[in-house]
Amino acid sequence: MLLIALLALLCASASANAIQPRTSSYNGEYGGGGGERFSHSGNQLDGPITAIRVRVNRYYIVGLQVRYGKVWSNYVGGKQGDLEEIFLHPGESVIQVSGKYKYYLRKLVFVTDKGRYLPFGKDTGTSFNAVPLHPNTVLRFFSGRSGSLINAIGLHWDSYPSDCSSC
């Protein structure tokens, strides 16, 4: 009897999962080899992306820091170059990321659902263009590899968090 109940529960769970549409997707890694791995997967629990800091030098994307809700992630990358910062408007999200890389990340361009185009870095190298696989999803967090520069970047997409009234 217990076995039948367990099987019924497993079937119901599998059925419920089959009905729910997928929302998460991933693009990347874009860039070269090397560097230490980083991931902001836990940071997304603080809220949606609300600001991005990018450090650039003459040739490369040197560093990256992202604000999730009202909390800044750990900074990844090197210390040389100019720090540039953008803030998203309340409810605004990144819906496309393009860029260029060779051995390291050279350019990042963020496009928002409010039509803003936010470029960082230099226009040389191999191009990439990343968008979510599922409709109504946005950039939720970054991963990649870094050392004294950003070696490579990965982009993780999912639904905008519904429980973020203060973001």
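The values are calculated or read from the model by the stated rules, or taken from the named source; none is laboratory data. Just so it is clear, the model here is predicted, and its values are computed rather than measured. Quick reminder, even Gly has a Cβ in these numbers, built from the backbone with ideal geometry, and neighbours come from all protein chains shown. The accessibility values were calculated without ligands, DNA or RNA, using every heavy atom of the protein model including side chains. Shrake-Rupley method; radii C 1.70, N 1.55, O 1.52, S 1.80 Å.
The numbered conditions (1) surrounded by fewer than 19 Cβ atoms within 10 Å (Cβ to Cβ); (2) over 12 Å from the mean Cα position of the chain (by Cα); (3) at pLDDT 95 or above; (4) not charged (D, E, K, R) are all true for Val76 except (1).
Scanning region 82-90 turns up no residue that is within 15 Å of the chain's Cα centre (by Cα) and closer than 19 Å to Asn27 by Cβ. Yes or no: region 19-28 includes at least one residue that is closer than 19 Å to His156 by Cα, among the basic types (Lys, Arg) and more than 17 Å from the chain's Cα centre (by Cα). Within region 19-28, one or more residues are closer than 19 Å to His156 by Cα, among the basic types (Lys, Arg) and more than 17 Å from the chain's Cα centre (by Cα). Just checking, does region 105-113 include any residue being more than 12 Å from the chain's Cα centre (by Cα), acidic (Asp, Glu) and under 15 Å from Asn57 (Cβ atoms)? Checked region 105-113: no residue is more than 12 Å from the chain's Cα centre (by Cα), acidic (Asp, Glu) and under 15 Å from Asn57 (Cβ atoms). Picking from residues in region 34-53 that are charged (D, E, K, R) and without any contact (Cβ under 8 Å) to a residue 60 or more places away in the chain, the one that is most open to solvent (accessible area, probe 1.4 Å) is Asp46.
Of Val109, Val56, all but one fail to be modelled with pLDDT of 95 or more, within 20 Å of Gly28 (Cβ to Cβ) and surrounded by fewer than 17 Cβ atoms within 10 Å (Cβ to Cβ); the exception is Val109. For region 79-106, the set of residues classified as part of a loop (DSSP other than H, G, I, E, B) and either surrounded by fewer than 17 Cβ atoms within 10 Å (Cβ to Cβ) or in contact with a Pro (Cβ under 6 Å, 6 or more places away or on another chain) (or both) consists of Lys79, Gln80, His89, Pro90, Gly91, Lys102, Tyr103, listed by residue number. Residue check: is Asn129 closer than 14 Å to Arg22 by Cβ, surrounded by fewer than 23 Cβ atoms within 10 Å (Cβ to Cβ) and among the polar types (S, T, N, Q)? Judged against the criteria, Asn129 is not a match. Within region 67-76, is even one residue in contact (Cβ under 8 Å) with a residue 60 or more places away in the chain, of a type in the set (Ser, Thr, Tyr) and out of contact with any helix residue (DSSP H, G or I) (no Cβ under 7 Å at 6 or more places or on another chain)? Scanning region 67-76 turns up no residue that is in contact (Cβ under 8 Å) with a residue 60 or more places away in the chain, of a type in the set (Ser, Thr, Tyr) and out of contact with any helix residue (DSSP H, G or I) (no Cβ under 7 Å at 6 or more places or on another chain). Out of region 136-167, which residues are at pLDDT below 95 and more than 13 Å from Val94 (Cα to Cα)? Those that are at pLDDT below 95 and more than 13 Å from Val94 (Cα to Cα): Pro161, Ser162, Asp163, Cys164, Ser165, Ser166, Cys167. Looking across region 151-165, just one residue is over 14 Å from the mean Cα position of the chain (by Cα) and buried (at least 23 other Cβ atoms within 10 Å of the Cβ), and that is Asn151.
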